């Protein structure tokens, strides 16, 4: 940027900051320990850029970034404030769509949401599946919590957000076979849940796109990207949330890589799920005959 253009930008941004803070030129001059005429000169047409010390003192007094005043940054917040808000760690309770998650969904309404869940995606689960999975944590408030969960799912599905969900293939295989995390899950619940997955993938495509990737080739921690606004990594007890655009873009690129490397695209997942469902049905029929 030309020095004259940068000087003009400095004058404009300084005037904006002074007005926003409700300070007078005299008050700013006293705070930075200069004459009022010095501040007036900074705001006058054709002004030159001030020295670094004066720019820094003005920025500190006004609670803004000196780089922003000088046209070196597009964000007015001081670096310390940017760092404090760009990465946050919050608790992740073992609960149905908690308030934090639901708030992020509301904030990103209308944007594309990319999601790698820790298990099957909660927003696609049946009531019976949710109850089997979460009842130990819900206790006596189970019915109330399940009702609130279903209300929130209805809101999310009507929020006009596109959802891309990527799952490792072994996750749906374990679910279908009731192994690992899903050990002990009754066949009737698995059949109902598989029917729900198949139905939603068919009915909501292309606003809902489910991809399956081979975790022996590619890997992802549980993560959600809420449009261009926010990227969240799930640790188990905590969420790590990134708000700076560069990090959000990096996590989005990671998700897009999973999609490119997926073994089954959104168009092919339905047939794969139907194959897994037929296996559940066959095993259930065999068990019934043996009895």
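What follows is calculated from the coordinates using simple rules that are stated; it is not laboratory data. Treat the numbers as computed from the prediction; the structure is a model and nothing was measured. For neighbour counting, all protein chains shown are included, and Cβ atoms are generated from backbone atoms with ideal geometry for every residue, glycine included.
Eigen-decomposition of the gyration tensor built on the alpha-carbon atoms of the stretch 118-258 gives equivalent ellipsoid semi-axes of 25, 19, 16 angstrom, largest listed first.
Shape index of the stretch 3-77: Rg/Rh, with Rg the Cα radius of gyration and Rh the Kirkwood radius from the inverse mean 1/r over Cα pairs, equals 0.91. A Gaussian network model of the chain, with springs between Cα atoms under 10 Å, assigns the largest mean-square fluctuation among 207, 263, 73 to 73. Exposure proxy ranking for 261, 171, based on other Cβ atoms within 10 angstrom of each Cβ and starting from the fewest, stands as 261, 171.
How far is helix 142-157 tilted off the main Cα axis of the chain, in degrees rounded to 10, range 0 to 90? With both axes taken from Cα atoms, the answer is about 70 degrees. Per-residue packing, averaged as other Cβ atoms within 10 Å, sorts the ranges 25-34, 180-189 into the order 25-34, 180-189, beginning with the highest. Note on the chain: GNM, Cα springs under 10 Å; of 148, 178, 55, the largest mean-square fluctuation is that of 55. Rounded to the nearest 0.05, what FRET efficiency do residue 183 and residue 243 have when you use their Cβ-Cβ distance and R0 = 45 Å? About 0.75, to the nearest 0.05.
Summed over qualifying helices (DSSP H, 4 residues or more, each -39500 (n - 2.57)) and divided by its residue number, the chain shows a 222 nm mean residue ellipticity of -17500 deg cm²/dmol. Comparing 266, 56, 249 in a Gaussian network model of the chain (Cα springs below 10 Å), the most mobile by mean-square fluctuation is 56. Using the alpha-carbon atoms, what tilt in degrees (0 to 90, nearest 10) does helix 52-62 show relative to the longest principal axis of the chain? Helix 52-62 sits roughly 60 degrees off the main axis of the chain.
Note on the chain: Cα-Cα pairs beyond 26 Å make up 57% of the total pair count. Classification of the stretch 21-62 by its C-alpha gyration tensor yields an oblate form. The axis ratio a/c (a ≥ b ≥ c) is 1.5 or more, and b/c is at least a/b. Using only the Cα atoms of the stretch 99-187, build the gyration tensor, take square roots of its eigenvalues as a ≥ b ≥ c, and label the shape rounded, prolate or oblate: rounded if a/c is under 1.5, else prolate if a/b is larger than b/c, else oblate. Taking the square roots of the gyration eigenvalues as a ≥ b ≥ c, the stretch 99-187 is oblate.
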